[in-house]
Structures are given as structure tokens and as C-alpha cells.
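Read-outs throughout are calculated quantities, based only on the coordinates presented, and are distinct from any laboratory measurement. Predicted model, so just to flag it, every value in this text is computed and none were measured. Positions of Cβ are backbone-derived with ideal geometry, glycine not excepted, and every protein chain shown enters the neighbour counts.
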Amino acid sequence: MIMEASFLPKLIEQLTEPTSIAFAGSIERQAITTPLNKKAITTTYVHQGNGGTPILLLHGFDSSVLEFRRLLPLLAAKNETWAVDLLGFGFTDRIEIPFNPTTIKTHLYYFWKTLINQPVILVGASMGGAAAIDFTLTYPEVVKKLVLIDSAGFTAGSAMGKFMFPPFDYLAAQFLRNPKVRASISRTAYKNRSLASVDAQLCAAMHLQMPSWDQALIAFTKSGGYSSFKDKLDQIKQPTLILWGEYDRILGIADANKFKRAISHSKLIWIKECGHVPHLEQPQITTQHILEFTNQSQ
């Protein structure tokens, strides 16, 4: 039984994999004061390990910190590591605030300022990569190094937002809530589809039980989400590591080399026998590459 995370949905009691159970029990929450609203935003995060430059992990679209259940403990064995639920996502409270890239990075900045307050190695996976790029461009003094894992942000996001008006916004949210749809997306994210287990699907859907999940998702999509950063990537001066699954069927593989060419101080490493989620499918080799990059002097 997971006592430490009693604020999480009851569905958490159905987890079966030891890694998932232990990680869920380590989720904490903190009221973060921001300029976005007079009310503090109760923000969920995981913090493990000590020593070295802090590593901060940002999850993908319609996801949560549980996405890092296999990666974070491995990183934390050698380095202080954090993961946070972005504004409008995961288990972070969805109060009356617009949900868009600007409010997400503002909330993330005040989370960082409140709990970390020193330069970090910023790691973003999928949509979290776009959030990491946006944050790095806005707050370059906060980011010492950047890691992009099968990252969004080179190509413009979906134009779906313009169709998100009643009743289609509600229907789209309910479509994404459908267990069969989520199971299909989960299987597509892996090269080894057997890893899309019942436990993995529970981890991917846990946050759907949080209040206002659908309203926040609709609001973020209506905002347009993250646009293309391709014309701004040359402004990134931080050393950047690009990790990409060689069998990515979600974003494809073309953008990996485009990121490499656009970011001057960057290195691209292909993760073999891996789909869109190296941090879940190949966590050991992903950890090795991130820690080697973290410890490099340049």
C-alpha cells in the first residue's frame, strides 16, 4: 500500500511492478507561489539522490512524473535528480489559470526557484523537450546543459486546437480517455510492445483521474501548444545532448538530425532497439549517456 502518496488516485493501488509502486510512493507535493494566480499551485514532483549538478526531468504530453519511474532512480543513484508535473498535467493541481506554453514555463521557473534554485541539467522527453527548449530560451541562466529525448519542438505542433469547440472538445478528450486508444498509443511508443504492460498503461493513465483533467487538456490544445522552435534553436548556447530511439513511430526520426544541425553545441546519440521512449524502454543506456554528458567539463 502506498501511504506517502495518499493524495494520488485510488487507481494507484492496482500497480503491480515494484519499480512503479516504489516510485509512486516517492511522489511529493509543494504549494508553489507564482505570479499566475493569488492562489499557490500545489505541484507534484519527485526528488531523489544528491551531489552533482541537479538534473530536472520534464515529461511528455498528457503524461506525469510516472513516465520517469525507470530512469529517475538510476540517475539518482549517482546524481541529484528531480521530476516535476508541468502545469496542467500529471497530478499538479489545475486551478483557474490559462494552460499554455507561457504559463507552463512561468510555473516551472517558480518551481525551480522555490525548490532547486541553482543551474540544472534540463531533460525533456517528447513534448517535455519542447517545454525544455522554451524554458532554456527564456531562462538561459537556469540551464547549464540541455538533454532532448525524442523531442518535439522542431516541427510545428498539431493544428487540432482550432477544432476544439463544443462538443468536439469534449469528444476529443473522451477519445483520449478511452483505454483502448491509450493502450494503442502505448504500444506504438515502444519497439518492444510487450513493455506496454497493464502496469505501464496504469502509469500512463493515472492522472486522468485528477479533477479537471479534461478541461486542462482542452485548454492547452486550444492554446495551440508548442510551435516550431527551428528558427530559434541557434540561440541555444548550452551544450546539448540529443537522444533518439532509432525506431520512433510517434515523431519519426527525421527531426533528430535537424536538431543536431540547428543547435551548435550538440551531440546526437541513437538509442538502438528503441522506440519513442528510451527512458522507459532502454533506461540503463539512457542513464549512462545522460550521466556521461552531465559529468563532461564542456
> Sorting Ser6, Ser186, Ser228, Ser126 on the 10 Å Cβ count, fewest up front, what's the list?
Replying inline: Ser6, Ser228, Ser186, Ser126
> For segment 1-117, treating each Cα as an identical point scatterer without solvent, what Debye log10 I(q)/I(0) comes out at q = 0.13 1/Å?
Replying inline: -0.49
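Exposure proxy check: Cys274, Cys203 ranked by fewest other beta carbons within 10 Å? It would help to have the intermediate numbers written out before the result.
Working: Cys274 24, Cys203 27.
Sorted ascending by nearby Cβ count, the order is Cys274, Cys203.
For the residues Val198, Val84, Val120, what sequence is obtained by ranking on other C-beta atoms within 10 Å, fewest first? Write down the numbers at each step before the final one.
On the way: Val198 12, Val84 29, Val120 22.
Ascending Cβ contact count within 10 Å gives the list Val198, Val120, Val84.
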> Among the aspartates and glutamates, which fall within straight-line cross-link reach of Lys113, defined as a Cα-Cα distance under 19 Å, with same-chain neighbours fewer than 8 residues apart omitted?
Replying inline: Glu28, Glu80, Asp85, Asp93, Asp134, Glu141
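Could you grab the relative contact order for the chain? Cα pairs under 8 Å, six or more apart, rounded to a whole percent.
Numbers: 612 pairs, mean separation 56.7, N = 298.
Reported relative contact order: 19 percent.
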> Under a straight-distance cross-link criterion of Cα-Cα below 20 Å, which lysines are reachable from Lys78, leaving out those fewer than 8 residues away in the same chain?
Replying inline: Lys144, Lys145
> Can you give the Rg to Rh ratio for the chain, taking only C-alpha atoms and Rh from Kirkwood?
Replying inline: 0.93
